[in-house]
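The values are calculated or read from the model by the stated rules, or taken from the named source; none is laboratory data. Predicted, not measured: the structure shown is a model, and the values here were computed from it. Every residue, glycine as well, gets a Cβ built from its backbone with ideal geometry; the counts of neighbours run over all protein chains shown. Please note that ligands, DNA and RNA were not included when accessible areas were found on the heavy atoms of the full protein model with its side chains. Shrake-Rupley method; radii C 1.70, N 1.55, O 1.52, S 1.80 Å.
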Amino acid sequence: MREASDRGAGTLNETDGGRLFALTGATGFLGSHLMAGLIRAGHRVVVLGRSRNGTGLADRVDALLDWFGLESCRERIDAVEVDLLEPRLGLSRRRYDTLCPLTAGIIHCASDTRFSERCRRESMDINVAALHGIVTLARDAGAGCFHYVSTAYVCPTSPSLCAEVPAGPRAFANVYEEMKTLAEAEVAALCSRHAVPYTIVRPSIVYGDSATGRSNRFNALYYHVRALQLIRDIYLNDIEHHGGLRSRGAGIHLDDEGTLHLPLRIFIPRRGQVNLIPVDHFVAVMAEILGDPRTGTIYHVTSDAPRTTEELAGYCERFLRIRGIELVCGEEMDRTVQNPAEEVFNKLVKPYLPYLADTRRFDRRNTAKLTAGLSTPEMTYAVFERCMRYAVSVNWGSTNGRPPGAM
Ligand SMILES: NC(=O)c1ccc[n+]([C@@H]2O[C@H](COP(=O)([O-])OP(=O)(O)OC[C@H]3O[C@@H](n4cnc5c(N)ncnc54)[C@H](OP(=O)(O)O)[C@@H]3O)[C@@H](O)[C@H]2O)c1
């Protein structure tokens with residue numbers, strides 16, 4: 001069996017100070033912020049992950065610690081390379097045993113978050129099949145609790161409030177929603193079978209830090225803004241450097257104030273809203289859950305003040321200094337003649353369109369009980385601008401703003 005390389009595996013324990021957690025998905029968006037949050041709170045973390053593109057896990061984690069300004073906290077982390085699909089996570093018996101005792105808990109954030117049907121097999125593997133090994137570790141290590149990070153979008157699309165209760169099969173928007181729903185049921189079944197206490201945490205759509213605007217991932221909300229920026233820049237370039245013939249032909253022009261008039265219809269099934277929470281709020285709520293987990297409980301980490309798609313379109317216009325976005329509801333996009341800008345945009349964001357037309361509202365009674373006094377930061381224009389300014393400043397993650405460990 002493969003002996004995965006790691007750094008100081010199993011040397012941490014709770015007597016070193018703080019509590020000891022194991023974390024998967026620490027090289028991803030939510031997981032890296034959780035790792036940083038746990039470290040800042042004085043805890044110790046065993047990161048269970050993998051190497052990528054020739055970079056070992058320990059180096060990836062180090063790069064993330066640098067990004068978070070936590071380079072002095074390296075000794076609070078063990079980076080253990082594992083294969084989540086292998087028995088004993090691909091570790092030798094001896095190495096596996098060093099992972100115990102993980103007394104405080106295991107937080108499982110690793111996930112294939114792609115929507116595409118082409119990824120069904122890998123998605124099933126990592127989102128569902130991999131649960132067996134990690135829950136078994138929770139049992140073997142006597143972990144205080146297994147925390148599964150799911151998504152609010154396992155909830156059914158219904159006009160009533162989506163309760164913090166198990167989700168069932170339905171027509172899913174994509175393979176990701178389907179696998180996360182299967183995974184929740186599997187977590188409940190495995191944890192019950194192995195007598196492992198567990199919680200299920202369901203965030204809605206997460207964006208960067210509301211206070212600093214920083215982020216190390218630029219998908220979901222960012223993806224739309226980036227697509228609009230790309231289209232805007234094509235036409236600005238045409239107007240400023242090539243006489244603007246192409247733009248004029250498409251009814252696009254720059255006004256005296258420097259605003260680009262860019263007619264662009266976005267085709268969505270119905271008027272909707274986007275439920276957004278900042279990553280700092282996700283970490284704050286997780287801290288409360290980790291501090292007082294109630295087994296079998298589902299926690300919605302969602303906003304009670306989602307932004308309507310119109311509001312967000314307005315934010316994009318203001319930020320990018322464009323005018324002309326129009327939301328077209330209920331019309332079949334494929335049957336409508338679109339201008340080139342619309343064609344590009346609607347094609348780029350097609351997988352995300354259901355989330356622009358979402359009408360779900362989320363009950364979060366379980367979460368509220370734990371987080372009294374912790375309000376959800378609202379996605380105001382000021383927050384939006386802060387986050388997007390940061391994204392632009394690091395060229396949406398393609399310059400050095402993105403930690404190499406996250407590549
Ligand atoms: N981001 C959101 O807005 C959002 C909203 C709701 C729920 N969630 C949930 O939050 C969790 C984390 O999401 P995220 O946005 O942070 O995702 P992400 O940035 O895509 O990170 C995914 C993590 O999973 C790991 N992973 C994926 N496939 C793996 C495999 N085969 N073996 C080992 N590790 C693997 C990745 O490791 P590598 O770096 O090695 O690839 C990475 O650490 C997921 O469960 C997701 O469903 C996220």
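A few comments on the model shown:
- Selection count, region 205-226, where residues are in a loop (DSSP other than H, G, I, E, B), among the aliphatic types (A, V, I, L, M) and within 7 Å of the ligand (Cβ to nearest atom): 1
- Apart from one condition, residue 229 fits all of (1) modelled with pLDDT under 95; (2) open to solvent by less than 60 Å² (accessible area, probe 1.4 Å); the exception is (1).
- Here 202, 265 are screened, and the one residue that is outside any helix (DSSP H, G or I) and surrounded by fewer than 22 Cβ atoms within 10 Å (Cβ to Cβ) is 265.
- Residues (within 12 Å of residue 267 (Cα to Cα) and either open to solvent by 50 Å² or more (accessible area, probe 1.4 Å) or among the charged types (D, E, K, R) (or both)) located in region 355-364: none
- Residue match in region 208-219 (condition: over 30 Å from residue 291 (Cβ atoms) and at pLDDT 95 or above): yes
For every residue, the table says whether it meets (1) in the same structural domain as residue 137 (by TED's automatic domain parsing); (2) touching a strand residue (DSSP E or B) at 6+ places or on another chain (Cβ under 6 Å); (3) in contact (Cβ under 8 Å) with a residue 60 or more places away in the chain.
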{"site": "188", "(1), (2), (3)": "yes, no, yes"}
{"site": "215", "(1), (2), (3)": "no, no, yes"}
{"site": "220", "(1), (2), (3)": "no, yes, yes"}
{"site": "240", "(1), (2), (3)": "no, no, no"}
{"site": "259", "(1), (2), (3)": "no, yes, yes"}
{"site": "263", "(1), (2), (3)": "no, yes, yes"}
{"site": "266", "(1), (2), (3)": "no, yes, yes"}
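- Check on residue 251, touching a strand residue (DSSP E or B) at 6+ places or on another chain (Cβ under 9 Å) and assigned to a loop (DSSP other than H, G, I, E, B): yes
- Just one residue in the set 215, 247 is open to solvent by less than 10 Å² (accessible area, probe 1.4 Å), small (Gly, Ala, Ser) and more than 15 Å from the chain's Cα centre (by Cα); that residue is 247.
- Criterion: open to solvent by 30 Å² or more (accessible area, probe 1.4 Å), within 20 Å of the chain's Cα centre (by Cα) and within 16 Å of the ligand (Cβ to nearest atom) - qualifying residue of 172, 146: 172
- Whichever residue in region 149-168 is at pLDDT 95 or above and more than 16 Å from the ligand (Cβ to nearest atom) and, among such residues, is least open to solvent (accessible area, probe 1.4 Å): 163
- Candidate set from region 175-190 (those that are among the small types (Gly, Ala, Ser) and open to solvent by less than 50 Å² (accessible area, probe 1.4 Å)); member that is nearest to residue 220 (Cα to Cα): 183
- Qualifying residue in region 99-118 (condition: over 24 Å from the mean Cα position of the chain (by Cα), modelled with pLDDT of 95 or more, within 16 Å of the ligand (Cβ to nearest atom) and over 22 Å from residue 291 (Cβ atoms)): no
- Residue list for region 79-134, restricted to those being open to solvent by less than 10 Å² (accessible area, probe 1.4 Å) and of a type in the set (Phe, Trp, Tyr): 96
- Region 313-343: number of residues that are assigned to a helix (DSSP H, G or I) and either surrounded by fewer than 17 Cβ atoms within 10 Å (Cβ to Cβ) or out of contact with any helix residue (DSSP H, G or I) (no Cβ under 8 Å at 6 or more places or on another chain) (or both): 9
- Some residue of region 56-69 being within 18 Å of residue 134 (Cβ to Cβ), within 16 Å of the ligand (Cβ to nearest atom), within 26 Å of the chain's Cα centre (by Cα) and open to solvent by 20 Å² or more (accessible area, probe 1.4 Å): no
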